[in-house]
Each structure stands twice: as C-alpha cells, then as structure tokens.
Amino acid sequence: MLKRDEELIHSAVEKIQASKRAVVFTGAGISTPSGIPDFRSPHSGLWEQYDPFEVASLSAFRHHPEKFYGWIRPLIAIARAAKPNQAHLYLARMEAAGIIQAVITQNIDGLHQKAGSKEVIELHGNAKTATCLACGKHYEDNWLIEEQLEKSHYPRCSDCGGVLKPDVILFEEQLPLKAWMRAHDLCDQADLILVVGSSLEVYPANSLPESGLAHGACLIINTMTDTHLDHLADIVIHADLIETLPEICRRLLP
Ligand SMILES: [Zn+2]
C-alpha cells in the first residue's frame, strides 16, 4: 500500500471512530469485484449491442419491453449468481458492530443484503422483485421464469397477461419515495458519510452526500475516479476499495 494511502486510511479510521451517526453510500464500484458489470463504464463488454440509455428508459420499456429484457436478462442472471465480496461483508459487520447506521446504495444487485446488511436503502430499486404494469400485482423472487421467456420475449402477469417490469428504477422514472425520504433523513442527520465505489455522477442520488455535507457531515470518498465533491470532502482516497475498505474496517471492528 502506498504511504499516502496509508496516511489517508489512518485519518479515515480516526474520523469514523469519532462519529456517532455514520452512513455509507455505495455505487457500482463496490460490486464490480463481485463480477457485476458497471454499464456506465465503457468496454464492460456485455451489452455492446445495446445503449442502456435507449433501452432502459420508461418510455422505451413501454414501447419495446423485449429490447429492455434483452439488455437486462444477463444482468439479472449475473446478480442472482453473484456473491458479496469483502467490501460488502465488512460493511455488514460494521453495521452489526454499531459503527455505521445504514447503507444507501445505487446498486440493484442485492449484494449488501446477501452480505448480511440489515438497513439497506435501495435508491434505484432492485432486480429481485417485479410488478405488473397493468394490474399492479407484485411478484417476489423467481418472477422471471425462464420457461416463460422461451415462449415470449418478456414475462407476463399470470393474472391479467400484462407486462411485468422488474422493480428497478428506469431512466425518466422517479426514485422510490420512501427510500428517497429515508436516505435524505439519514444523510442530513449523519455526522459522517462514507462514499464507496460511486463516481457520484447520477442525479438525484448524487445530491445526497452533498446535502449531508451542507448539514455538517464529514465526507470521506473512496473511489477510483474523481468526483465533483472531491474538493469539499475531508478525505479522498483514490485507491481500489477492495483493498482500502476492508483495511479501514479491520481497524475499527472489535
Ligand atoms: Zn397483471
């Protein structure tokens, strides 16, 4: 580990130790080590034939659900098979030890819950459940029945035949109100926000750490790329989170 990173980690540990209401904000970077591709980063390979901004909007979904499913099916399959990595697992232990209050995530892969985190706020929904767009019937896990997809290019409601939409938030869609309010409260009341693996590019989720900062929280950012809040953060660690985050947590856990 670089000497500079070592010093930053040491400072981060001290800040987290001194905090009473710490929350963690995670993005795609925490799940890429678990094999979940970040479709915003170029050359992720999986979806070269699709532009996510074209297929994954609400209007595109309504007009061409088959294109949307062509795009998201590999991601759902990967997310179902994926295992949480050390970063997810350490955050769950940090919550259990009372060091952090909650994880606010932009990810839809469910890996924080698989790792054992209890208080997880999913700003962009999840790929585990689905809802019928016609009658509103809710479908729990295993809603994406492969048998069905052999007959049709998208899954249909067993009650009314309507198109099922996974409970992920598409472009043009509002964030889920309850999750948004809860995340806002947590950030505004936090005395420390730790951003992990998010480049803070996606609005409005990216406004949460800024709001916390405006309410007096200390801000620590651990991500590979620059973010628009780097100049306001107390500590910025531009290093691989799969090395730095477990190191920070190990020093904090009893
Ligand atoms: Zn229905």
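The values are calculated or read from the model by the stated rules, or taken from the named source; none is laboratory data. All figures in this text were calculated on a predicted structure; none of them were measured in a lab. Glycine gets a Cβ as well: all are built from the backbone with ideal geometry, and neighbour counts include every protein chain shown. For the accessible areas, the whole protein counts, side chains as well, though only heavy atoms, and no ligand, DNA or RNA atoms are used. Shrake-Rupley method; radii C 1.70, N 1.55, O 1.52, S 1.80 Å.
Kindly establish whether D230 is assigned by TED's automatic domain parsing to the domain that holds A92, part of a loop (DSSP other than H, G, I, E, B), among the charged types (D, E, K, R) and in contact (Cβ under 8 Å) with a residue 12 or more places away in the chain. Let's see the steps before the verdict.
On the way: assigned by TED's automatic domain parsing to the domain that holds A92: yes; part of a loop (DSSP other than H, G, I, E, B): yes; among the charged types (D, E, K, R): yes; in contact (Cβ under 8 Å) with a residue 12 or more places away in the chain: no.
No: the conditions fail for D230.
Looking for whichever is within 14 Å of the ligand (Cβ to nearest atom), at pLDDT below 95 and not in a strand (DSSP E or B) here; the options are Y203, Y154. Which one fits?
Working: Y203 fails: within 14 Å of the ligand (Cβ to nearest atom).
None of the other options fit; the residue is Y154.
For region 56-77, give me each residue that is surrounded by fewer than 20 Cβ atoms within 10 Å (Cβ to Cβ) and outside any helix (DSSP H, G or I).
Scanning region 56-77 gives S57, H64.
Taking W143 as meeting all but one of (1) at pLDDT 90 or above; (2) open to solvent by less than 30 Å² (accessible area, probe 1.4 Å); (3) within 16 Å of the ligand (Cβ to nearest atom), write down the number of the exception.
Only one criterion is unmet by W143, namely (1).
I'd like to verify a number: residues in region 103-129 that are away from the ligand (no atom under 16 Å from the Cβ), β-branched (V, I, T) and farther than 15 Å from I36 by Cβ, how many? Break it down stepwise before answering.
Residues of region 103-129 away from the ligand (no atom under 16 Å from the Cβ): 103-128.
With the extra rule that they be β-branched (V, I, T), the set shrinks to 103-105, 108, 120-121.
Remaining after also requiring farther than 15 Å from I36 by Cβ: 103-104, 120-121.
Summing the residues that are away from the ligand (no atom under 16 Å from the Cβ), β-branched (V, I, T) and farther than 15 Å from I36 by Cβ in region 103-129 gives 4.
I'd like the residue in region 206-224 that is surrounded by fewer than 18 Cβ atoms within 10 Å (Cβ to Cβ) and of a type in the set (A, V, I, L, M) and, out of all such residues, is farthest from the chain's Cα centre (by Cα).
Keep residues of region 206-224 that are surrounded by fewer than 18 Cβ atoms within 10 Å (Cβ to Cβ), which gives 207, 210-211, 214-216, 224.
Checking the rest, the ones that are also of a type in the set (A, V, I, L, M) come to 214, 224.
Numbers: A214: 23, M224: 16 Å.
It comes out as A214.
Could you please let me know if I242 is of a type outside the set (D, E), buried (at least 19 other Cβ atoms within 10 Å of the Cβ) and in the same structural domain as I104 (by TED's automatic domain parsing)? Talk me through it step by step, then tell me what you get.
On the way: of a type outside the set (D, E): yes; buried (at least 19 other Cβ atoms within 10 Å of the Cβ): no; in the same structural domain as I104 (by TED's automatic domain parsing): yes.
The answer is no for I242.
Within 16 Å of the ligand (Cβ to nearest atom), farther than 19 Å from P84 by Cα, under 24 Å from the mean Cα position of the chain (by Cα) and surrounded by 14 or more Cβ atoms within 10 Å (Cβ to Cβ): does that describe C132?
Working: within 16 Å of the ligand (Cβ to nearest atom): yes; farther than 19 Å from P84 by Cα: yes; under 24 Å from the mean Cα position of the chain (by Cα): yes; surrounded by 14 or more Cβ atoms within 10 Å (Cβ to Cβ): yes.
When the stated conditions are applied, C132 passes them.
Within region 157-183, take every residue that is among the β-branched types (V, I, T) and more than 16 Å from the ligand (Cβ to nearest atom) and give me the one that is most open to solvent (accessible area, probe 1.4 Å). Even if it seems obvious, please write down each step before you answer.
Here is the first cut: in region 157-183, the residues among the β-branched types (V, I, T) are 163, 168-169.
Now restrict to residues that are more than 16 Å from the ligand (Cβ to nearest atom): 168-169.
Values: V168: 7, I169: 45 Å².
Out of the qualifying residues, it is I169.
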